[in-house]
Amino acid sequence: QVQLVESGGGLVQAGESLRLSCAASGSTESINRMGWYRQAPGKQRELVATIYTLGSTNYADSVKGRFTISRDNAKNTAYLQMNSLKPEDTAVYYCNARTGVTYYWGQGTQVTVSS
């Protein structure tokens, strides 16, 4: 079992930055990938970014060049640095961890970007 706790969401204006954190606990040695997803009202949950244990990353086209995912393996924590935020980035952001074929989710943190 893996438990995930997100933090760092909030209300910002367009163009500003936020950093989200996701602290993992439990069977963290089994985690091979961590990621961030988001869900806006009335929309499906979508992938934002992922990072593998050895550091390779993937990003949604909508956030490339603005968001950066990173991971501190010693602290079992993943981060999402979000720069140049836009109103369309407003959503609940969820941390995700994968162990083999099992996926774990955090409770989500709200990010609201005003124009």
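Restricting the count to DSSP beta bridges whose residues both fall in the chain, what percent are antiparallel, rounded to a multiple of 5? It would help to have the intermediate numbers written out before the result.
Values: 41 of 45 bridges.
If I count the DSSP bridges inside the chain, around 90 percent turn out antiparallel.
The lysines within cross-link reach of LYS43, meaning a Cα-to-Cα straight distance under 26 Å and a gap of 8 or more places when in the same chain, are LYS64, LYS86. Seen from all directions on average, the chain presents a Cα convex hull projection of 6.7 nm².
Leaving out ligands, DNA and RNA, what percent of the accessible area of the chain is carbon and sulfur, probe 1.4 Å? Whole-percent figure for carbon plus sulfur exposure: 48.
Over all other residues within a Cβ to Cβ distance under 14 Å of ASN73, the charged ones net out to +1, with Lys and Arg as +1 and Asp and Glu as -1. Give me the distance between the Cα centres of region 62-115 and region 15-32, rounded to whole Å. Here the two parts' Cα centres lie 8 Å apart.
Once the other residues with Cβ under 14 Å from the Cβ of TYR103 are scored (Lys, Arg +1; Asp, Glu -1), what is the net sum?
Values: positive: ARG33, ARG45, ARG98; negative: none.
My count for the surroundings of TYR103 gives +3.
For a modelled paramagnetic label at SER114, 7 Å from Cα along Cα-to-Cβ, the residues of region 15-32 in reach, with backbone nitrogen under 18 Å, are 15-18. Placing +1 on the Cβ of every Lys and Arg and -1 on the Cβ of every Asp and Glu, with nothing else charged, gives region 33-77 a dipole about its Cα centre of roughly 80 debye.
Report the net charge of residues surrounding GLY35, where surrounding means a beta-carbon distance below 14 angstrom and charges are Lys +1, Arg +1, Asp -1, Glu -1. That works out to +3. Using a probe of 1.4 angstrom and keeping all protein chains present, the accessible surface of region 1-114 works out to 51 square angstrom per residue.
The values are calculated or read from the model by the stated rules, or taken from the named source; none is laboratory data. This one's a predicted model, so the numbers in the text were calculated from it and none came from an experiment. Positions of Cβ are backbone-derived with ideal geometry, glycine not excepted, and every protein chain shown enters the neighbour counts. We work out accessible area using only protein heavy atoms, side chains counted, and drop any ligands, DNA or RNA first. Shrake-Rupley method; radii C 1.70, N 1.55, O 1.52, S 1.80 Å.
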